[in-house]
Amino acid sequence: MTRHVLILDLKDDPDLIARYEAYHRPGGVPDAVLRSIRDAGIAEMEIHRSGNRLVMVMETTAAFDPAAKAAADAADPAVVAWEALMDAYQQRLPWAPAGVKWLEAERIFALSQHPIAGSAGPANDAH
């Protein structure tokens, strides 16, 4: 599995944010959209929110190909309609290239890459 972390902002309006969240509750996302996500090799997807900032975490299988997913989405009327609906709530990050909504975040830290050399010292200080 490969983890992808993507970021997007919502329009900073409490009513719009509440409606966006309502669309993402169980039963709110159309089955065709859920099928397209799973069929693309996305095994798990979560969206977290803080303020109007969204963070999407995806776990993908080896079958996942972002370009193929984008092409399939563009050819699927249900996905196109869902994305058009979501556009009413979402806003691109200021540094996003034209036409790009969700931006992949760059991982800059992984605890697993920082072994503790010894049992004493500042690296073991939990403060």
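Computed from the coordinates by the stated procedures, all read-outs in this text should not be read as laboratory data. Just so we're clear, the structure is a prediction, and the values are computed from it rather than from any experiment.
Is the shape of region 40-112 rounded, prolate or oblate, going by the alpha carbon gyration tensor and its root eigenvalues a ≥ b ≥ c, with a/c under 1.5 for rounded and a/b larger than b/c for prolate?
oblate
Please give the calculated 222 nm ellipticity per residue for the chain, where each DSSP H segment of at least 4 residues contributes -39500 (n - 2.57) and the sum is spread over every residue; nearest 500 deg cm²/dmol?
-9000 deg cm²/dmol
Below 8 Å, C-alpha to C-alpha, sequence gap of six or more: please give me the relative contact order for the chain in percent.
After rounding, I find 35 percent.
Could you tell me how many degrees, from 0 to 90 and to the nearest 10, lie between the Cα long axis of helix 14-23 and the main elongation axis, the longest principal axis, of the Cα atoms of the chain?
Tilt relative to the chain: about 80 degrees.
Identify which of the listed values of Cα extents along the principal axes in Å was calculated from the structure shown: (1) 39, 32, 23; (2) 54, 38, 23; (3) 59, 37, 31.
Given (1) 39, 32, 23; (2) 54, 38, 23; (3) 59, 37, 31, the calculated one carries the label (3).
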